[in-house]
Structure formats: structure tokens, C-alpha cells
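Here is the structure we will look at, set down as C-alpha cells.
The values are calculated or read from the model by the stated rules, or taken from the named source; none is laboratory data. Nothing here was measured: the structure is a model prediction, and the numbers come from that model. Counting neighbours? That spans all protein chains shown, and the Cβs are built from the backbone with ideal geometry, glycine included.
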């Protein structure tokens with residue numbers, strides 16, 4: 001039955017509940033992990049928490065709007081959205097609005113508000129691909145000419161910041177969406193070694209990226225330099241044990257780089273132990289699994305593509321962050337969805353969840369689980 005003939009129902013409760021729980025955990029952990037740093041910088045332990053809370057409130061408004069607006073409405077913005085994103089990424093590269101921190105230029109300072117265009121790029125590119133792949137089904141490799149150039153431009157601009165981690169997440173999410181086309185499996189198998197070799201050459205040719213690889217491979221050998229973040233994260237997990245040492249009692253977070261952003265999961269491990277991290281992982285599994293189920297249940301191809309793309313983004317971003325903080329992959333600047341500090345990331349993630357909740361309002365009854 002077409003989505004237009006399905007009477008909208010209540011949003012999916014499991015997805016909504018999991019999202020609220022993770023958002024609440026995120027706000028608590030941002031306060032716990034950032035309070036010492038915030039006090040040292042501003043004499044206000046709640047400074048970063050209040051900023052994150054403001055973004056969470058904006059995210060709730062955006063998410064609520066996305067729940068109410070039919071997902072097909074966003075088709076109209078598929079083209080303009082990706083063009084605006086490219087424009088913002090160009091501003092990061094070439095304008096004086098760009099903000100540089102820790103060797104990377106990833107932010108724009110617009111009217112005193114810090115915005116990260118690469119986070120916006122994730123959603124707008126998924127929306128663009130959902131529209132293109134729905135309107136122009138891909139059956140042969142030549143059918144990709146409408147989407148490959150756009151993906152390439154976005155990836156190049158994100159990589160130049162430099163932000164290899166986000167570029168990889170975007171590339172993998174786009175690849176996941178191409179799995180929903182009629183391209184033969186051989187193309188995907190051939191792409192693995194090609195992209196692998198290209199990725200190796202890019203990393204090997206960058207002293208900045210290669211040092212991160214060395215720090216990942218030999219963290220304890222470079223524990224005071226290249227492997228400092230990985231080693232400190234492992235120590236934090238070990239300190240937490242099974243039950244943790246208690247909220248706000250972290251003794252390692254002050255020595256853990258990016259403790260309230262990229263490595264906040266290690267702080268959860270120290271303060272709440274194995275059981276605390278397992279609790280968070282269970283809710284991430286609930287959220288991501290439900291997102292994929294909702295996309296599968298959508299009655300039209302555009303909604304399935306859009307839902308699958310968003311679910312892939314959430315899964316990939318979560319997986320990359322957890323692999324980094326547990327030492328399974330090199331350090332990147334990827335945040336943990338709904339948990340890590342970061343205004344643009346939180347706002348976009350909550351908006352994406354709002355779209356998924358709207359898609360769930362039109363899901364097929366016969367596949368409702």
C-alpha cells in the first residue's frame with residue numbers, strides 16, 4: 001500500500017525510548033567528564049553541560065518537527081541541501097570564518113555559533129542519494145554518473161580539513177546505500193581492494209595520518225606521544241572493572257584526551273564499569289536495529305533508502321567511535337551519537353532520529369514487529 005494511503009500512527013516506541021535513554025546518558029556523562037576542564041577554563045563546572053543542554057533542546061525541537069513532517073517532504077531539499085553543504089565546506093576551506101583546532105579546520109564561526117559542516121554533509125548526502133537512487137535506479141555502473149561526482153566533491157572537501165574519519169563514514173554509508181541497487185556483487189568486491197589501496201596511499205602520504213596508524217599499532221611503545229589517547233582509554237576501562245568507581249569519581253578523565261567528546265565511552269567504562277558500558281551498548285543495539293527494521297518496513301523505495309542510509313550512518317558512527325576508544329582502530333575525530341559533546345553532531349543526530357520516527361508512522365502493518 002502506498003505511504004500516502006496509510007493512516008499515520010504513533011511513532012515507534014522502541015526507537016523513541018532508546019533515543020531518550022541515550023540522550024539522558026549523554027547529558028549526564030558530558031557533565032561528569034567536562035566539569036573539571038570547564039571549571040579550569042571558565043570557573044563554571046556546568047559551562048559545557050549548559051551548552052550541550054541548549055543543543056539538546058534545539059535537537060528536541062528539530063526532532064519533533066521531523067516526526068510531524070512526512071518524510072517525503074524532504075525530497076524537495078535533496079538537491080539544495082547538498083549544494084548548501086558543499087558551499088559550507090568550501091567556506092571551511094577558503095574563508096576566514098573557518099575555525100582551526102588541534103590541527104584541523106572543521107568548523108565555521110557564524111554569528112558566534114560554531115557549526116561543523118561535515119556533520120551536516122552526512123545527512124544531506126544520504127538524502128541526496130535516496131532521491132537520486134529512487135528516481136534513477138542504478139542497474140549498471142554507468143548509472144552512477146549522477147551521484148559519484150557529488151560524493152567525490154564532498155569526500156574531498158571533508159578529507160582536506162583534514163577529517164579522514166568522517167570521510168570514511170560518509171563513504172561507507174554511501175556504499176551501503178548502493179547495496180540497495182541492482183549493481184552486481186562483483187562491483188562491490190572489486191571496490192574493496194581498490195579503495196583499500198587508495199586509502200593506504202593517502203594515509204601513507206600524510207605524516208599526520210601515518211602517525212595515528214603507528215600510535216594505533218604500537219600504543220604502549222608510544223604511550224607518551226602517538227599512543228597516549230589509546231593507552232589512557234585502556235587504563236580508564238581497566239580502572240572501572242565490573243561496577244565502576246562511581247559517577248563523577250573518574251581519576252583518569254582529566255588525563256584522557258577528548259574525554260567529553262571522542263573518548264567519552266572510556267569515562268563511562270571507568271565510572272560505571274563493564275555493566276555500565278554494557279547498558280549503553282544494549283541501547284545502541286536497540287536503536288540501530290530498530291532503525292534498520294523501520295527502514296525495511298517503509299512502503300516506498302525513497303523512504304526505505306532514506307531510512308537505510310540514516311540507520312547506516314548511526315551504525316557506522318557508533319562502530320567507529322567504539323572501535324577507536326577500545327583500541328580496535330586508529331584514532332579519529334568521530335563522536336559517539338547522542339553521547340559525546342558536540343552541538344552540530346547532536347542536532348543532526350536528533351533530526352535524523354526524528355525522520356526515522358516519521359518513517360515509522362507509515363510502516364506496513366503486516367510487518368510490524
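The residues in segment 333-357 that are in a helix (DSSP H, G or I) and either touching a helix residue (DSSP H, G or I) at 6+ places or on another chain (Cβ under 6 Å) or surrounded by fewer than 23 Cβ atoms within 10 Å (Cβ to Cβ) (or both) can be counted, and the count is 14. Residues that are surrounded by fewer than 23 Cβ atoms within 10 Å (Cβ to Cβ) and assigned to a helix (DSSP H, G or I) within segment 295-313 comprise 296, 297, 301, 302, 304, listed in sequence order.
Is it the case that some residue within segment 283-291 is farther than 24 Å from residue 123 by Cβ and touching a helix residue (DSSP H, G or I) at 6+ places or on another chain (Cβ under 7 Å)?
As a first pass, look at segment 283-291 and keep what is farther than 24 Å from residue 123 by Cβ: none.
No, the conditions are met nowhere in segment 283-291.
Among the residues of segment 191-208, are any surrounded by 13 or more Cβ atoms within 10 Å (Cβ to Cβ), modelled with pLDDT of 85 or more, out of contact with any strand residue (DSSP E or B) (no Cβ under 7 Å at 6 or more places or on another chain) and not in a helix (DSSP H, G or I)? Checked against the condition, which is being surrounded by 13 or more Cβ atoms within 10 Å (Cβ to Cβ), modelled with pLDDT of 85 or more, out of contact with any strand residue (DSSP E or B) (no Cβ under 7 Å at 6 or more places or on another chain) and not in a helix (DSSP H, G or I), segment 191-208 yields no hits at all.
For segment 55-103, the set of residues classified as in contact with a strand residue (DSSP E or B) (Cβ under 8 Å, 6 or more places away or on another chain) and within 21 Å of residue 126 (Cβ to Cβ) consists of 88, 92, listed by residue number. The residues listed here are 63, 78; of these, the one that is touching a residue at least 40 places away in the same chain (Cβ under 8 Å), outside any strand (DSSP E or B) and within 26 Å of residue 26 (Cα to Cα) is 63. In segment 225-233 there is at least one residue that is at pLDDT below 85, within 25 Å of the chain's Cα centre (by Cα), assigned to a loop (DSSP other than H, G, I, E, B) and surrounded by 13 or more Cβ atoms within 10 Å (Cβ to Cβ).
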